[in-house]
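Notes for the one structure printed next.
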Amino acid sequence: MRDLRISVTDRCNFRCPYCMPAEIYGEAYEFLPRADILTFEELTRLVGIFAGLGIEKLRVTGGEPLVRNDLPQLLSMLTAIDGIEDFTLTTNGYLLSQLAQPLKDAGLARITISLDSLDDEVFKTMNGRGFTTQRVLEAIQTAADVGLSPIKINCVVQKGVNDHTIVDLARHFKGTGHIVRYIEYMDVGNRNGWRSEHVVPAEEIVAKIDAEMPLEAIESNYHGEVATRYRYKDGSGEIGVIASVTKPFCGACTRVRLSTDGKIFTCLFASQGVSLKDPMRAGASDGELREIITGIWAVRSDRYSEERAASPLGDAAPKKIEMYQIGG
Ligand code: SAM
Ligand code: SF4
């Protein structure tokens, strides 16, 4: 256990069809009531316990983390915890221009901003709200200006939706120091209508970019890194691909996730988590919470992506947690 992701809200200002399709997450959809969401103090306490168990890398995510009120205050509480060496956050960027400096001041080191396409028409479809790229591009610039770097740009690739725009995205960020990471479209959750035919294999993504801007593979930064790295042969930067469908990496997984309502999940594709909130609110000590966590980690045997690759389950697959509840 090295890498902890915490989902600080299950709400979002986008409706990306691959994550929270608008027809399901409409006006009437009931997100978690406030009482079920971990408070800043509870989150800080739990992250402190995780840090004591060896977590070095923390990612704040969601839902859209920037819609959580007073997020900079939470970050300043979390960055004060000893042992976390790498502290980052994933956002869709829509509210980032105003928050980049306060987040930096709160101790955030780096940031990942999702941007699936530079083409406004494609982007409008992929965020499900009809927003253009302008605010996200401005936010990327602001984040760079305040020093939240290196910036990673996440792009989920869906066949027939944005695969014709991936080379443009790479070209735009080549030479800026930002790293575009192309993510194979995954069958997270149960509601995005995923089919394997919608996936563009990472190999194809790399080949398309390489044909115009030659690439070479480079070593991973650390054990358990999910992105496979490539650099431009002309030295003008790098990209990454996350091949979780075509080349699963379950065997090297060091990642644990905490959902908005305080459940611990050992896999993105898990169907059930174990509540830390309930024992914590019932008065459990730090030692007792630590025992629950180590008990779960010791027996974990998740290898969903490897199993999916070996024999696709189709509709027989067990029901899974939705990604926005535990973060990407
Ligand atoms: N709202 C923030 C955002 O979009 O960056 C953070 C949460 S989002 C769930 C985290 C990441 O997961 C995003 O980069 C998003 O594009 C990615 N993601 C969501 N659904 C996905 C799917 N079905 N397959 C692959 N990546 C997905
Ligand atoms: Fe919101 Fe991020 Fe999911 Fe898109 S991927 S709906 S921005 S949580």
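Brief remarks on what is shown
- Residues located in the range 18-40, provided they are within 16 Å of ligand 2 (Cβ to nearest atom) and of a type in the set (Ser, Thr, Tyr): 18, 25, 29
- Sole residue being crowded, with 19+ Cβ neighbours inside 10 Å and in a helix (DSSP H, G or I), chosen from 205, 239, 183, 153: 205
- Test for residue 97: is it without any contact (Cβ under 8 Å) to a residue 60 or more places away in the chain, within 11 Å of ligand 2 (Cβ to nearest atom) and small (Gly, Ala, Ser): no
- Filtering the range 2-17 to residues that are surrounded by 21 or more Cβ atoms within 10 Å (Cβ to Cβ), more than 7 Å from ligand 2 (Cβ to nearest atom) and part of a loop (DSSP other than H, G, I, E, B) leaves 8, 9, 10.
- Odd one out for residue 68 among (1) away from ligand 1 (no atom under 16 Å from the Cβ); (2) farther than 20 Å from residue 81 by Cα; (3) charged (D, E, K, R); (4) surrounded by 15 or more Cβ atoms within 10 Å (Cβ to Cβ): (1)
- Any hit, the range 286-298, residues being modelled with pLDDT under 65 and aromatic (Phe, Trp, Tyr): no
- Exactly one residue among 133, 176 is hydroxyl-bearing (Ser, Thr, Tyr) and more than 21 Å from residue 18 (Cβ to Cβ), and that residue is 176.
- For residue 234, the conditions (1) within 16 Å of ligand 1 (Cβ to nearest atom); (2) in a loop (DSSP other than H, G, I, E, B); (3) farther than 30 Å from residue 292 by Cβ all hold with the exception of (1).
The values are calculated or read from the model by the stated rules, or taken from the named source; none is laboratory data. These numbers were taken from a predicted model, which means no experiment stands behind them. Note: ideal-geometry Cβ built from the backbone for every residue, glycine included; neighbour counts use all protein chains shown.
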